[in-house]
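Readers should treat all values here as calculations from the given coordinates under stated rules, not as data from a laboratory. Only a predicted model underlies this, so the values are computations on that prediction, with no experimental measurement involved. FYI the Cβ positions are ideal-geometry reconstructions off the backbone, even for glycines, and counts take in every protein chain you see.
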Amino acid sequence: MDGGMTKWYKAAQKRYSVRRYKQEPSLEDMLALESAAASLSVRGVRIAVGVEQKVFSGILGSRIKGTSAFAAFISQNGDETSLGYLGEAFVLECTSLGLGTCWLGANFNRGALGSAIKLKKSEKAVCATPIGIADEPFVRRKRRGVAELTWLEDEEFEQLPAWQRSAVQCAILAPSAVNKQPYELIPENGGISVVDCGNNFGFGNVDRGIAMLHIELGTAAEGVHGTWRKRGEDMCFMPDVE
């Protein structure tokens with residue numbers, strides 16, 4: 001498991017959604033995040049980091065307190081699955097630096113954000129996150145469990161290879177719009193598929209991409225690497241064959 005994957009896997013175990021902050025990121029952290037954002041801006045996705053008080057002010061941003069630092073997750077070609085995957089990598093990078101985040105599909109001022117990052121006509125800011133030092137304790141949000149996501153009984157789940165169990169357990173931690181986790185995880189045919197991904201208020205594909213990264217982090221924790229293959233509307237992770 002390489003250094004970046006290890007770092008993000010560990011971050012996934014402790015990340016939680018933060019809406020109240022006591023301090024903005026340091027200049028050093030902002031520079032590190034700008035570098036991370038640049039490296040993750042690929043596959044038709046742009047991640048932009050900025051500071052603008054108006055993004056989280058007024059009625060639209062009133063749930064976020066204590067920071068004006070943010071990152072915007074921008075689609076340049078409509079591939080929101082990649083946006084979720086790469087955006088979550090950025091979020092976990094924030095966590096590894098000791099910074100809090102909160103995936104937002106609403107509750108921010110899109111006009112102020114678009115002005116701050118110089119959003120182009122061909123781009124769409126799909127989601128954003130505040131960034132800062134958390135001013136609220138760790139709270140693990142309610143998630144669907146193994147049985148709900150895989151339809152497997154405990155005994156069946158325990159008979160799976162360690163890498164598949166790790167993938168599912170890490171995917172359970174994946175954030176999603178209103179914590180719906182609008183998909184099922186099917187360990188079969190030597191891989192693991194993300195299927196039946198619903199619309200979920202327009203963020204179903206973003207949710208799928210986030211879950212895909214978590215699955216990949218879970219498999220890498222067990223020394224297994226592979227590739228994603230599209231099967232109809234579903235995505236399947238298949239391990240590399242040595």
Taking Rh as the Kirkwood radius computed over alpha-carbon pairs of segment 1-145 and applying Stokes-Einstein at 4 °C with viscosity 1.567 mPa s, one gets a diffusion coefficient in µm² s⁻¹ of 85
CD proxy, 222 nm, the chain: helix-only mean residue ellipticity via -39,500 (n - 2.57) per DSSP H run with n ≥ 4, per residue, nearest 500, stands at -11000 deg cm²/dmol
Between the Cα axis of helix 27-39 and the main Cα principal axis of the chain, the angle (0 to 90°, nearest 10) is 50
Ranked from fewest to most other Cβ atoms within 10 Å of their own Cβ, Glu28, Glu216, Glu34 fall in the order Glu28, Glu34, Glu216
Extension length gain for Lys65 and Glu184 (0.36 nm per residue less Cα distance), in nm, is 39.4 nm
The FRET efficiency for Val139 and Ser26, from their Cβ-Cβ distance with R0 = 35 Å and rounded to 0.05, is 0.90
Of the listed links Lys7/Lys180; Lys14/Lys180; Lys118/Lys142; Lys22/Lys118; Lys180/Lys230, those spanning more than 30 angstrom between alpha carbons are Lys118/Lys142
Over the chain, the quotient of the Cα radius of gyration and 2.2 N^0.38 Å is 0.99
Taking a ≥ b ≥ c as the square roots of the Cα gyration tensor eigenvalues, with a/c under 1.5 meaning rounded and otherwise prolate when a/b beats b/c or oblate if not, segment 44-126 comes out oblate
The FRET efficiency for Ala106 and Thr6, from their Cβ-Cβ distance with R0 = 41 Å and rounded to 0.05, is 0.80
Reduced to Cα centres, the span from segment 26-57 to segment 109-163 in Å works out to 17
Quick note, segment 146-239: a/c under 1.5 would make it rounded; otherwise a/b > b/c is prolate and the rest oblate (a ≥ b ≥ c, C-alpha gyration tensor); here it is prolate
Rounded to 0.05, the calculated FRET efficiency for the beta carbons of Glu153 and Asn77 at R₀ = 35 Å is 0.25
